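To start, the structure under review is shown below, and the notes come after it.
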Amino acid sequence: MEPIPFLSLEAQHTLVHSPVTKALKAGFEKNWYIMGDGVRKFEEEYARFSNVRYCLGVGNGYDALSIALKACQIGPGDEVIVPAHTYIATWLAISRSGATIVPVEPNELTFNIDVREVEKFITTRTKAILPVHLYGQSCDMTTLEDLSKRHRLLIVEDNAQAHGATWKGNMTGSFGDVNATSFYPTKNLGALGDGGAITTNNETAAEFVRRYRNYGFESKNLCEDLGVNSRLDELQALVLSIKLKHIEAWNEQRRAIASIYLERLKGAGDLQLPVSLPEANHVYHLFVVRTLERERLKDYLKSFQVETMVHYPVPPHLQKAYASLGYKKGDFPITEAIALSSLSLPLWPGMTDDQVNFICDLIIRFYASK
């Protein structure tokens, strides 16, 4: 068996090579590279895909989160409830706003924020809940929407890992007041560089984002807000429009690969497989298992040229950047246990059944030899 990378974009990019190169050539020759027709077209397409009224392209996923919080007027003195287990960019965006981070432990089976625990952390200063649809599965948005209504809180979704995922048939990125996503190349819908977007049904928020991402300009030479420079690149938008046509088929491939893993690895050693909630349509941005044998299994697979990754080995609360918050080891035991035991297996559109079964055979053999 040839080496199996953790991620390969080759199959996806082979499929779209001709239309992408044609679009990029046309875009290059048009000589309009910022905030042009390509961006407007993609924004309209992604808004329809997400079943929202507005999509505003920005420079990257981190900016999308930061600007979404700004559009919600979240700042110093406010508290934002956020998963303890997430990529650190989610926390960094809250820090950038000046608001206070309020971490909540994840559900051990789904990896997403434990909605049963959220209400315990709501105070008079709580302004918003920031759920992250981690690894491609939607959070329990029914419970979070109920909490937000009862406590008059805002919801800002981090949808960077869940393009095309749904909760009870509704798209992630359509539930919150203002929502953020990333088009980093490795995402289910990835650009050829950085890119991000904000989705919302709120016209006032959309108009604010439209100005704020472009220095705060209402029109040429008239600056209404103290804005930033964070605009989705025109050429990236052209690529994303083409890839968006394939996202549903690619997500189906992800589910098919996941189904092989789930069936073949059932009962293998102490392996804990990802759990998909019946209300959620998982798009498997990542296929994350848990095992106390994480390092040994990782090394074993590597010896057969199977590449794996760990998401995320150091939780945000234990990062040096957040030492000022005063958290210590043991403060979030579920998050820390996940960090010590998680292993992400290869999963990408274009991966063959033979490759998936080879990995399964290796893992089964690893546990059988113990």
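The values are calculated or read from the model by the stated rules, or taken from the named source; none is laboratory data. This is a predicted model, so every value here is computed, not measured. Because the Cβ atoms are built from the backbone with ideal geometry, glycine has one as well, and the counts that use them run over all protein chains shown. With ligands, DNA and RNA removed, areas are computed over all heavy atoms of the protein, side chains included. Shrake-Rupley method; radii C 1.70, N 1.55, O 1.52, S 1.80 Å.
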Quickly rank 323-336, 356-369 as a protection proxy: mean count of other C-beta atoms within 10 Å, highest first.
356-369, 323-336
When only Cα pairs under 8 Å and 6 or more residues apart are kept, what is the percent relative contact order across region 98-165?
31 percent
Given points 7 Å out from each Cα along the Cα-Cβ axis, report the ALA26 to HIS151 separation in nanometres with one decimal.
4.9 nm
Computed over region 240-334, the Cα gyration tensor eigenvalues, each multiplied by 5 and square-rooted, give semi-axes in Å (largest first) of 29, 21, 15
The whole-number value in µm²/s of the Stokes-Einstein translational diffusion coefficient for region 204-259, with Rh from the Kirkwood sum over alpha carbon pairs at 25 °C and 0.890 mPa s, is 177 µm²/s
When N is the residue count of the chain, what does its C-alpha Rg come to as a fraction of 2.2 N^0.38 Å?
1.00
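Give me the percent of accessible area attributable to carbon and sulfur for region 225-370, probe 1.4 angstrom.
The computed percentage sits at 55.
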Once amide H atoms are placed 1.01 Å from N in the peptide plane, what residues at a sequence separation of 5 or more from ILE113, or on another chain, have their amide H within under 5 Å of its amide H?
ASN107, VAL132
What fraction of the DSSP beta bridges in the chain is antiparallel, stated in percent and rounded to the nearest 5?
65 percent
Placing unit charges on C-beta atoms (Lys and Arg positive, Asp and Glu negative, everything else neutral), compute the dipole magnitude of region 258-306 about its Cα centre in debye, rounded to 20.
140 debye
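Under the 0.36 nm per residue contour assumption, what length would be gained going from the current alpha-carbon distance of ARG96 and LEU262 to full extension?
Using 0.36 nm per residue and subtracting the Cα-Cα distance, I get 55.8 nm.
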DSSP loop trypsin sites (Lys or Arg not before Pro) in region 141-239 with at most 10 other Cβ atoms within 10 Å of their Cβ, which ones?
ARG152, LYS220
Spatial separation of Cα centroids for region 41-108 and region 201-219, in angstrom
16 Å
When you count, for each residue, the other Cβ atoms within 10 Å and take the mean per peptide, how do 130-138, 118-126, 86-94 rank with the highest first?
130-138, 86-94, 118-126
Between their Cα atoms, which of LYS30/LYS245; LYS120/LYS168; LYS120/LYS329; LYS266/LYS298; LYS245/LYS302 are more than 27 Å away from each other?
LYS245/LYS302
Of ARG255, ARG53, which has the most accessible area with a 1.4 Å probe, and how do the rest follow in descending order?
ARG53, ARG255
Taking 8 Å as the Cα distance limit and 6 or more residues as the minimum spacing, I'd like the relative contact order of the chain as a percentage.
22 percent
What ³J(HN,Hα) values, in whole Hz, does the Karplus curve 6.51 cos²θ - 1.76 cosθ + 1.60 give for region 83-99 when θ = phi - 60°, with x put for Gly and Pro?
x, 6, 9, 6, 5, 4, 4, 4, 5, 4, 5, 5, 4, 4, 6, x, 6
Counting only heavy atoms of the protein chains, get the accessible area per residue of region 2-67 (1.4 Å probe) and round it to a whole Å² value.
55 Å²
Hey, what do the phi angles of region 191-203 turn into as Karplus ³J(HN,Hα) couplings, whole Hz, using 6.51/-1.76/1.60 and θ = phi - 60°, x for Gly and Pro?
7, 9, x, 6, x, x, 7, 10, 10, 6, 9, 8, 5
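Heavy-atom accessible area per residue, region 94-159, 1.4 Å probe: how many Å²?
Details: 2590 Å² over 66 residues.
About 39 Å² of surface per residue is accessible.
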Residues whose built amide H sits under 5 Å from the amide H of GLY176, excluding neighbours closer than 5 in sequence, are GLU157
Taking the Cα centre of the chain as origin, work out the dipole magnitude from +1 charges on Lys and Arg Cβ and -1 charges on Asp and Glu Cβ, in debye rounded to 20.
260 debye
Restricting to Cα pairs under 8 Å and 6 or more apart, the percent relative contact order of region 229-370 works out to 33 percent
Calculate, for region 260-300, the solvent-accessible area per residue in square angstrom, rolling a 1.4 angstrom probe over the heavy atoms of the protein chains.
47 Å²
Near the amide H of VAL306, under 5 Å away, which other amide H atoms are found, from residues 5 or more places off or on another chain, if H is placed in the peptide plane?
ILE4
Over 27 Å (Cα to Cα) among LYS22/LYS187; LYS70/LYS149; LYS70/LYS243 -> LYS70/LYS243
Once phi is turned into θ = phi - 60°, what whole-Hz ³J(HN,Hα) does the Karplus curve with 6.51, -1.76 and 1.60 give for every residue of region 34-47, x standing for Gly and Pro?
10, 6, x, 5, x, 5, 4, 5, 5, 4, 5, 5, 6, 5
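Between ARG48 and LEU109, what length comes free when the chain is fully extended (0.36 nm per residue of separation minus the Cα-Cα distance, one decimal in nm)?
18.8 nm
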